[in-house]
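The values are calculated or read from the model by the stated rules, or taken from the named source; none is laboratory data. All values derive from a computational prediction rather than experimental measurement. Reconstructed Cβ throughout: ideal geometry from the backbone, glycine too, with neighbour counts over all protein chains shown. Accessible surface is based on the protein model in full, side chains and every heavy atom, while ligands, DNA and RNA are left aside. Shrake-Rupley method; radii C 1.70, N 1.55, O 1.52, S 1.80 Å.
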Amino acid sequence: MDRTFDQVFRGSAFTSRSPQEVSVLEDCLFCLDEKGLIRRILKPQDHDYETVLATYSGTEKFRELADGQYFLPGFIDLHIHAPQWAQAGTAMDIPLHDWLNTYTFPLESKFSDLDFARKVYQDLVTTLLANGTTTALYFATVHKEASYLLAQICADKGQRGLVGKVVMDDKEENPAYYRDESTEAALSETEDFIQLVQELNKTTKQGVYPVVTPRFIPSCTDEALAGLGELAKKYGTHIQSHCSESDWEHNYVHERMHKSDTFALHEMGLLQDKAIMAHAVFLSDEDADLFAETGTAIAHCPISNVCFSNGVLPAARFTRKGIDIGLGTDISGGFSPSLFDNIRQAVISSRMLEEGVDPSLAAPERGLPQSRISANEAFYYATAGGGQSLSLPIGRLEENYIWDVQVIDVNATNAKLPLFDEGISMENLLHKILFLSRPENIREVWVQGECVHKRT
């Protein structure tokens, strides 16, 4: 037996085995090394279980869950506009183009003020951790200093942050008060930002990562897009952007590039295994095949899709094609910072896509068959699917994965779940947790073996 574990946790846990299957780990010992990596998972019937329990129980290295508490993997949010936290819940009823120009760009331009940026970003990261989000993929703003500040706040607060300095260099398409000074400046500042964050990562246990971030094709020149593709290749960074989000954006790209977002981005070197494209609602079969071929992932943002995308992502079809999919809140196109809320909406939207929404049509004509996803699939997207999308060993409670967890208490004061059947199956219990949990049920959050949130 290895007697050198840094920490040992005892409790029951849920983790995805596949998009459809959940593994239930009952009364297991989760044995961590000093880096926060799960080295062994011992079940009660395993040979070393009692020995490890006796060795660590009662020591400061041992943590045991109370009755009614369960481990879930920490959630992975694949699409957040960090500065937009300041306008969450605002103007959810107007078209995307108007929403950007009337509300969003004026707000984001304020992040040249580092005091304002610090106030918003500190509150956002704290809020996300309290909602169980252990890893977050962020769009920041065009401002290099404020974008780096967000990475520093993630490092300080213990969240695994992937942060992009946004590029918007097209003088024809962006407001004069909010854009990069020039294409050259956009690329130079992006390279500086990458180097700064990679240096910060050397002293950050849970990891912070720079992300190459063209806002979307309408905001960038061809020269900037190609240059960003080169920078991502040079530094081995993640890439993020928007792809085929709405009728307006999808049609704009066809008119300008004479091809789809997907093929245009691919030509610029922006589709690859560490690339995550938000929304992707209007992908053709050829587009989807290219996503699968290149390993590019989709950040599915079901709440914001209702308000701004003009459609519902056919997530079930894309999963069958082998595309990696995770969930995103899309703050503030999505009003909620909770991936629990987006798990619920992902299931609801898929049912609406399958069954249709126009009651004047006959039932066989109303929807798109085989579109529904289950609660298990939505849970997978929020956890294992997100980890797979980022090519990081996160999102699963398995050996050689990182200990990112949320402790869920089904008996939390003022948030007790309605559990009256003593013989409830563990899978049905998980579904109650997914559909009924509130932030009050999240008692603790751990990232890389460190407790980063505790509800008193």
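Considering (1) among the hydroxyl-bearing types (Ser, Thr, Tyr); (2) farther than 21 Å from residue 330 by Cβ; (3) open to solvent by 40 Å² or more (accessible area, probe 1.4 Å); (4) out of contact with any Ser or Thr (no Cβ under 9 Å at 6 or more places or on another chain), the lone condition that residue 204 does not fulfil carries the number (3). Among the residues of the stretch 303-326, those that are in a helix (DSSP H, G or I), touching a residue at least 60 places away in the same chain (Cβ under 8 Å) and within 28 Å of residue 98 (Cα to Cα) comprise 307, 308, 309, 315. The lone criterion from (1) open to solvent by 10 Å² or more (accessible area, probe 1.4 Å); (2) more than 12 Å from the chain's Cα centre (by Cα) left unmet by residue 337 is number (2). Remark: pairs (first residue in the stretch 398-421, open to solvent by 60 Å² or more (accessible area, probe 1.4 Å); second residue of a type in the set (D, E, K, R); Cβ separation under 8 Å; 6+ apart in sequence or on different chains) = 399/39; 399/40; 400/39; 411/67; 413/440; 414/440. Going residue by residue through the stretch 264-274, is there one that turns out to be in contact with a Phe, Trp or Tyr (Cβ under 9 Å, 6 or more places away or on another chain), open to solvent by 10 Å² or more (accessible area, probe 1.4 Å), farther than 15 Å from residue 77 by Cβ and in a loop (DSSP other than H, G, I, E, B)? Scanning the stretch 264-274 turns up at least one residue that is in contact with a Phe, Trp or Tyr (Cβ under 9 Å, 6 or more places away or on another chain), open to solvent by 10 Å² or more (accessible area, probe 1.4 Å), farther than 15 Å from residue 77 by Cβ and in a loop (DSSP other than H, G, I, E, B).
Within the stretch 12-55, restricting attention to residues that are hydroxyl-bearing (Ser, Thr, Tyr) and under 30 Å from residue 374 (Cβ atoms), the residue that is surrounded by the most Cβ atoms within 10 Å (Cβ to Cβ) is 16.
Take the conditions (1) surrounded by fewer than 24 Cβ atoms within 10 Å (Cβ to Cβ); (2) touching an Asp or Glu at 6+ places or on another chain (Cβ under 7 Å); residue 354 misses just one of them, which is (2). Any residue at all in the stretch 386-393 that's closer than 28 Å to residue 262 by Cα, open to solvent by 50 Å² or more (accessible area, probe 1.4 Å) and not in a helix (DSSP H, G or I)? Yes, because at least one residue in the stretch 386-393 is closer than 28 Å to residue 262 by Cα, open to solvent by 50 Å² or more (accessible area, probe 1.4 Å) and not in a helix (DSSP H, G or I). Only one of the listed residues (68, 58) is touching a residue at least 24 places away in the same chain (Cβ under 8 Å) and out of contact with any His (no Cβ under 8 Å at 6 or more places or on another chain). That residue is 68. Hey, can you tell me all the residues within the stretch 1-11 that are assigned to a loop (DSSP other than H, G, I, E, B) and either touching a residue at least 40 places away in the same chain (Cβ under 8 Å) or closer than 30 Å to residue 374 by Cβ (or both)? Scanning the stretch 1-11 gives 1, 3, 5, 6. Which pairs turn up if I take residues in the stretch 259-273 that are β-branched (Val, Ile, Thr) and look for partners that are open to solvent by 10 Å² or more (accessible area, probe 1.4 Å) and assigned to a helix (DSSP H, G or I) with beta carbon separation below 9 Å, at least 6 apart in sequence or on another chain? From the stretch 259-273, the pairs are 262/286; 262/290. On the basis of being closer than 13 Å to residue 311 by Cα and either open to solvent by 10 Å² or more (accessible area, probe 1.4 Å) or in contact with a Ser or Thr (Cβ under 7 Å, 6 or more places away or on another chain) (or both), does residue 260 make the cut? So residue 260 does not fit the description; no.
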